[in-house]
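Asker: Sharing a structure, written as structure tokens. Questions coming.
The values are calculated or read from the model by the stated rules, or taken from the named source; none is laboratory data. Owing to the predicted nature of the structure, the values given are computational and were not obtained by experimental measurement. Glycine gets a Cβ as well: all are built from the backbone with ideal geometry, and neighbour counts include every protein chain shown.
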Amino acid sequence: MTRTAMSICATILGAALLSGPMIDAASAQGRSTSIAIGETSAPGALGSELRDALRDELGGVANVRVTNAQRARYVLRGSITHIDERRESDRMECEVSLILADRRGGNIRLILEGRAAARLPDGEDAVARLRPEVLRAAVRGALRPLGQQPLR
């Protein structure tokens, strides 16, 4: 089994094991869970892009409300673990790792990973415009499990 396949299997298994106890009847009835964006880590100027992607994509998840740290039940921290432009294969790849933890106590509730790739366009300006879109797609993929199970 390749490293990538093992990583995907571990992520799915971890998310399933960690998210099981988080189901709550109140959340299932439509109450939203408050989540704040915590620390982010990204190379170069992508730090603000990662924070924006987390805020925007998290805001689109069902039963989740993005709020400030004082009001949040959970904090979402994230980092770009890999971003690469491979000219030989004409691809841009991005991987993100996210941690959802209790605001109080910091207990980890979910570890989420997402990755995305796109074909490199011609021209540096087009590549620079594509980078945040690939990052946003990786974040969207990582957050997908949050929309599938309500948090308590």
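Asker: Tell me whether segment 118-132 contains one or more residues that are within 16 Å of the chain's Cα centre (by Cα) and free of Cβ contacts under 8 Å to residues at least 40 places away in the same chain.
Answerer: Within segment 118-132, not a single residue is within 16 Å of the chain's Cα centre (by Cα) and free of Cβ contacts under 8 Å to residues at least 40 places away in the same chain.
Asker: Being among the charged types (D, E, K, R) and out of contact with any strand residue (DSSP E or B) (no Cβ under 6 Å at 6 or more places or on another chain) is the filter here, so list the residues in segment 53-70 that pass it.
Answerer: D56, E57
Asker: Still on this model: So G78 clears everything in (1) modelled with pLDDT under 75; (2) over 28 Å from D122 (Cα atoms) except one condition, right? Which one?
Answerer: Exception for G78: condition (1).
Condition check ((1) acidic (D, E); (2) modelled with pLDDT under 95; (3) at positive phi) across all residues:
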residue	(1), (2), (3)
G114	no, no, no
L120	no, yes, no
G123	no, yes, yes
A138	no, no, no
P145	no, yes, no
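Asker: State all residues of segment 104-127 that are more than 18 Å from A36 (Cα to Cα) and assigned to a loop (DSSP other than H, G, I, E, B); if no residue qualifies, say none.
Answerer: L120, P121, D122, G123
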